[in-house]
1. Test G80 against the criterion of being among the small types (G, A, S) and out of contact with any Pro (no Cβ under 6 Å at 6 or more places or on another chain), and give yes or no.
2. Return yes when E77 is closer than 22 Å to E99 by Cβ, touching a helix residue (DSSP H, G or I) at 6+ places or on another chain (Cβ under 9 Å), exposed (fewer than 12 other Cβ atoms within 10 Å of the Cβ) and assigned by TED's automatic domain parsing to the domain that holds T108 and no when it is not.
3. Need at least 2 residues that are in contact (Cβ under 8 Å) with a residue 60 or more places away in the chain and farther than 26 Å from P32 by Cβ per element, so show me which helices (runs of 4 or more DSSP H) inside segment 45-148 make the cut, counting only ones lying wholly within it.
4. Which residue out of V78, V104, V115 is at pLDDT 95 or above, of a type outside the set (D, E) and under 26 Å from A8 (Cα atoms)?
5. Enumerate the pairs (first residue in segment 1-21 and at negative phi; second residue anywhere and acidic (D, E) and in a loop (DSSP other than H, G, I, E, B)) with beta-carbon separation below 8 Å, excluding pairs fewer than 6 apart on the same chain, so at least 6 apart or on different chains.
Amino acid sequence: MVVSVFKAKTTLQKQMVVEAQARQHVIKIDEPKELGGTDVGMNPVELVLASLGACQTIAAQVYAKKFEVAYDELYVEVEGDLDLDGFLDKGDVRPGFTEIRYTVHLITNEPQEKVQRFLAFVETHCPVGDTLTKGVRLVANEPKLTAY
């Protein structure tokens, strides 16, 4: 078994704008204006949804040849239910998603049964989907404080 370590770093820029970096890639994350942000990027929960959709899409591309599934177009729509009261500390409400739903769209001439077998395999081999459905141990290290 080979375990790879993936890393990301997030840095507060201004207000709620966060710069996220992984390897040489950088994205801006923010909240929409109605939540006090400036809306210069997706918010963290939208990134979770986008990560699931991207992971399903990439896994499908990786395994299409193995399953001999050809398609002209592939996209995934993802949505989730989240009660903002949890994030805003308004009552005893969970701050995270209570349900996430996704739909894979394929333009293909393949038989439906074949595509369903293929997508069932993809679903079980998507690391983001696995993390969301089976959970992960989340370890908060000791904070590193620097005086100024």
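1. Working: among the small types (G, A, S): yes; out of contact with any Pro (no Cβ under 6 Å at 6 or more places or on another chain): yes.
When the stated conditions are applied, G80 passes them.
2. On the way: closer than 22 Å to E99 by Cβ: yes; touching a helix residue (DSSP H, G or I) at 6+ places or on another chain (Cβ under 9 Å): yes; exposed (fewer than 12 other Cβ atoms within 10 Å of the Cβ): yes; assigned by TED's automatic domain parsing to the domain that holds T108: yes.
So E77 fits the description; yes.
3. Values: elements: 84-87, 112-124, 127-134.
Once the helices (runs of 4 or more DSSP H) in segment 45-148 are filtered for at least 2 residues that are in contact (Cβ under 8 Å) with a residue 60 or more places away in the chain and farther than 26 Å from P32 by Cβ, what remains is 112-124.
4. V78
5. Filtered contacts from segment 1-21: M16/D30; M16/E31; V17/D30; V18/D30.
The values are calculated or read from the model by the stated rules, or taken from the named source; none is laboratory data. A quick note: this is a predicted structure, and the numbers were derived from the prediction, not measured. For neighbour counting, all protein chains shown are included, and Cβ atoms are generated from backbone atoms with ideal geometry for every residue, glycine included.
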